[in-house]
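**Q** Here's a structure for you.
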Amino acid sequence: MSHITKIDIEVTDLTALKAACRRLGFTVVDGQKTYRWYGRPVGEAPLPEGLSIENLGRCDHAISIPGAEYEIGVRAEKGGYRLLWDSYERGGLEQRVGKGAGLLKQAYGIEKAKLEARRKGYSVYESRKTDGAITLRIQLGGGR
Amino acid sequence: MKKIEITFGPQGEVTLKTEGFAGKQCQEASRFLEQALGSVAEETLTGEYYQVQTKDRVEQKRE
């Protein structure tokens with residue numbers, strides 16, 4: 001190995017997000033302007049950075065998840081998208097998308113990396129590890 | 001063989017590794033993926049990176 005990088009995922013590509021949702025059995029509803037959540041802030045949980053209470057529940061697209069009462073809002077922001085969702089247990093989201101939406105971020109990263117690598121004509125091989133991690137091996141200079 | 005390996009953890013953590021590149025080539029080759037996925041939180045250069053850099057310098061001295 002010549003270098004190792006740790007990357008914080010940022011959602012910037014709606015096509016890759018839709019592919020990630022298909023992978024997980026979720027559906028992106030284009031143009032849905034609201035998403036289901038508890039409806040009001042509870043306790044002392046801070047608001048998402050840069051947002052007001054009025055922003056909660058409003059979005060540009062929404063993600064519908066089978067078996068979950070609540071939905072994920074996809075809010076278009078400068079340079080990308082922010083995912084807004086209520087982790088309250090009754091809404092059923094955290095059980096399906098993981099803590100901090102980790103499983104959705106994982107799926108988005110995989111689909112985004114595949115898109116970008118294939119765009120350059122590189123071969124991509126996917127394998128799953130026993131701990132739930134998924135590895136992409138990208139071979140440069142080969143066919144698809 | 002030049003390869004890039006990316007591991008996506010179930011909590012959204014991402015680690016990218018390169019293999020088979022000479023010196024700074026590895027950073028140039030993987031930049032498109034790092035930029036596409038988000039922001040680089042941490043980068044570590046490994047022994048292979050420095051070995052090739054050293055070899056490059058030796059070859060330059062000989063010329």
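Read-outs: derived from the displayed coordinates by stated rules, not from any lab. Predicted, not measured: the structure shown is a model, and the values here were computed from it. Neighbour counts run over all protein chains shown; Cβ positions are idealised from the backbone, glycine included.
**Q** Find the relative contact order for chain A and round it to a whole percent, using C-alpha pairs within less than 8 Å whose residues are 6+ positions apart.
**A** For chain A, the relative contact order is 21 percent.
**Q** In degrees from 0 to 90, rounded to the nearest 10, what is the angle of the helix A:14-24 Cα long axis to the longest principal axis of chain A?
**A** The angle comes out near 90 degrees.
**Q** Size of the dipole of the protein assembly as shown about the Cα centre, Lys and Arg at +1 and Asp and Glu at -1 on the beta carbon, nothing else charged, in debye to 20?
**A** So the magnitude is around 720 debye.
**Q** Which is farthest toward the positive dipole end of the protein assembly as shown among A:TYR125, A:ALA45, B:LEU16, measuring Cα position about the Cα centre, with Cβ charges +1 (Lys, Arg) and -1 (Asp, Glu)?
**A** Going by the charge dipole, the pick is A:TYR125.
**Q** Taking a 31 Å limit on the Cα-Cα distance, which of the listed pairs A:LYS18/A:LYS99; A:LYS99/A:LYS129; A:LYS33/A:LYS120; A:LYS6/B:LYS2; A:LYS99/B:LYS24 fall beyond it? Numbers along the way, then the final one.
**A** Numbers: A:LYS18/A:LYS99 20 Å; A:LYS99/A:LYS129 19 Å; A:LYS33/A:LYS120 35 Å; A:LYS6/B:LYS2 19 Å; A:LYS99/B:LYS24 36 Å.
From the list (A:LYS18/A:LYS99; A:LYS99/A:LYS129; A:LYS33/A:LYS120; A:LYS6/B:LYS2; A:LYS99/B:LYS24), the Cα-Cα distance tops 31 Å for A:LYS33/A:LYS120; A:LYS99/B:LYS24.
**Q** Go through region A:46-99 and name the trypsin sites (Lys or Arg not before Pro) that are in a DSSP coil and have 12 or fewer other Cβ atoms within 10 Å of their Cβ. All intermediate terms of the calculation are to be shown ahead of the outcome.
**A** Numbers: sites: A:ARG58, A:ARG75, A:LYS78, A:ARG82, A:ARG90, A:ARG96, A:LYS99; in loops: A:LYS78.
Qualifying residues, ordered by number: A:LYS78.
**Q** Report Rg/Rh for chain A, rounded to two decimals, where Rg is the Cα radius of gyration and Rh the Kirkwood radius.
**A** Numbers: Rg = 16.8 Å, Rh = 16.6 Å.
Looking at chain A, the ratio lands at 1.01.
**Q** Right, another one. Taking the Cβ of B:GLU42 as the centre, find all other residues whose Cβ is under 12 Å away and add up their charges (Lys, Arg: +1; Asp, Glu: -1).
**A** On the way: positive: A:LYS6; negative: A:ASP8, B:GLU13, B:GLU34, B:GLU43.
Its environment carries a net charge of -3.
**Q** While we're looking at this one, here's another question. Which residue, A:THR135, A:ALA101, A:TYR35, has the largest displacement toward the positive end of the dipole of chain A when charges sit on each Cβ (Lys, Arg +1; Asp, Glu -1)?
**A** About the Cα centre, the residue reaching furthest to the positive side is A:THR135.
**Q** Additional query: Could you work out the relative contact order of region A:70-144? I mean the mean sequence separation of Cα pairs under 8 Å and 6+ apart, divided by the number of residues, in percent.
**A** On the way: 78 pairs, mean separation 12.9, N = 75.
Computed over region A:70-144, the figure is 17 percent.
**Q** Relative to the longest principal Cα axis of chain A, at what angle does helix A:102-119 sit, 0 to 90 degrees, rounded to 10?
**A** The angle comes out near 40 degrees.
**Q** Still on this structure, please answer the following. Read phi for every residue in region B:30-39 and hand back ³J(HN,Hα) as whole Hz from Karplus 6.51 cos²θ - 1.76 cosθ + 1.60, θ = phi - 60°, with x for Gly and Pro.
**A** With the stated coefficients, region B:30-39 comes to 9, 4, 4, 6, 4, 5, 6, 7, x, 10 Hz.
**Q** Check each of the GluC sites (Glu not before Pro) in region A:40-118 and keep only those in coil by DSSP with at most 15 other C-beta atoms within 10 angstrom; list them in order.
**A** Working: sites: A:GLU44, A:GLU49, A:GLU54, A:GLU69, A:GLU71, A:GLU77, A:GLU89, A:GLU94, A:GLU111, A:GLU116; in loops: A:GLU44, A:GLU49, A:GLU69, A:GLU71.
Those that pass, being in a loop and sparsely packed, are A:GLU44, A:GLU49, A:GLU69.
**Q** Would you calculate a helix-derived [θ] at 222 nm for the protein assembly as shown, using -39,500 (n - 2.57) for each DSSP H run of n ≥ 4 and dividing by the full residue count, to the nearest 500?
**A** Numbers: 5 runs with 62 residues, N = 207.
Dividing the helical sum by the residues of the protein assembly as shown leaves -9500 deg cm²/dmol.
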